[in-house]
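These notes concern the structure reproduced below.
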Amino acid sequence: MIGFIAKRVFAGLVLLIGVSTGTFFLAHAAISDPTVALLGSTATQEQQAALAAELGLDKPLLVQFRDWAAGAVTGDLGNSWRNFRPVGEQIALRVPVTLSVVSFAILISAIFGTAFGLVAGLHPGSAFDRTIRAGTVVLFALPGFWLSLVLVIWFAIQLRWFPAVGYVAPTVSIGGWIRSITLPAVALALGAIVMIAEQLRNQVIAVSSQDYVRTLRSRGLSDFRVNLHILRNASPAALTVIAVMFASLLSGAIVVEAIFSLPGLGQLTQSSAQIGDIPVLLGITVVSVVFVVVIYVLLDVALGWINPKVRVK
């Protein structure tokens, strides 16, 4: 099992290096002269040259990458070009907000997606099953920002159950924190719920037709115990979708955080991209990839525990 985990961690490190390297060069290629965005169009060439020298932009690109990578390996992600504050410090302030929303969204989608998918798979062709399949098509067709606005209008403005905007830290108020992240989490989770439910439904139907399931039923096992066996053998599909959705929800948080005015990584990404603050964008990329790698390693460990045959791959 240790060797199995080591292989997955090594693959994650390769992914981290590849994505970070690609993001560095692509960002510099897309933003030809960051000093213009940072100083404004009225800045003189002398001012732009002075800022470029201060930021190290006058060095060859490979030298810039070497310096950035050397710092990143030690945990130093550099300083923001906008306010010259450490990138790691700014990200650390924003990570709890984004992780709160995304983690809550994953929890909601996992609970409801698993429940809906299991029931629909155990009763294929039923009214509930048809409703779930129709809901999958509808939710995928509707834009995420539109669903977010609908949630705000219904539950924040009309019913006043939740705040429309803003974030309350759990250190200030646990109840206020839950209320502030509920609507953003639900907005992110809606698409994930139907995805998990659809994949689990298909897998439950496939597993239910296996010979060993009929054998278990013929031995007189209760429906509850048989369904537990079915769920365990069908769960790898749901776990894989949950891991994939985690990466998707991280990117979707950019739109949701803008709508709900949450001070998370999404808002920081948007503001940094507007002025070409490459160190911050690189730092967010590295942190996001680390989160995704950790999730996938945990997924592989869970799949290896459920199905020992996976460990030999």
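Helix 61-73 axis versus longest C-alpha principal axis of the chain: approximately 60°, rounded to the nearest ten.
For the Cα trace of the range 174-313, dividing Rg by the Kirkwood Rh returns an Rg/Rh value of 1.12. Highest mean first, the peptides 103-114, 285-296 sorted by other C-beta atoms within 10 Å per residue fall in the order 103-114, 285-296. Residues whose amide H lies under 5 Å from that of N79, counting only those 5 or more places away or on a different chain, are V87; hydrogens are built 1.01 Å from N in the peptide plane. Of the residues L262, L57, L77, the one that moves most in a GNM of the chain with alpha-carbon contacts below 10 Å is L57.
How high is the FRET efficiency from H229 to N202, r the C-beta distance, R0 25 Å, rounded to 0.05? The value I calculate is 0.90. Mean sequence separation of contacting Cα pairs (under 8 Å, at least six apart), scaled by the length of the range 94-196, corresponds to a relative contact order of 45 percent.
Inverting the mean 1/r over all pairs of different Cα atoms, compute the Kirkwood radius of the range 176-236 and quote it in Å. After inverting the pairwise mean of 1/r, the radius is 13.7 Å. Averaging the sequence gap over all C-alpha pairs within less than 8 Å and six or more residues apart, then dividing by the number of residues, gives the chain a relative contact order of 28 percent. Angle of helix 87-122 to the longest C-alpha principal axis of the chain, folded into 0 to 90 degrees and rounded to 10: 20°. For the chain, the average shadow cast by the Cα convex hull is 20.9 nm², which is a quarter of the hull's surface. GNM remark for the chain: springs join alpha carbons under 10 Å apart, and the peak mean-square fluctuation among G191, G252, G22 falls on G22. Approximating the spin labels as points 7 Å out from Cα along Cα→Cβ, the L159-to-V9 distance works out to 4.5 nm.
By the Cα gyration tensor, the range 82-212 has an equivalent ellipsoid whose semi-axes, rounded to whole angstrom, run 35, 18, 13 from largest to smallest. Does anyone have the angle between helix 278-306 and the longest principal axis of the chain? Alpha-carbon axes, 0 to 90°, nearest 10? In the chain, helix 278-306 runs at an angle near 20 degrees to the longest axis.
Every number in this text was worked out from the coordinates using simple rules, so none of it is lab data. Just so it is clear, the model here is predicted, and its values are computed rather than measured. FYI the Cβ positions are ideal-geometry reconstructions off the backbone, even for glycines, and counts take in every protein chain you see.
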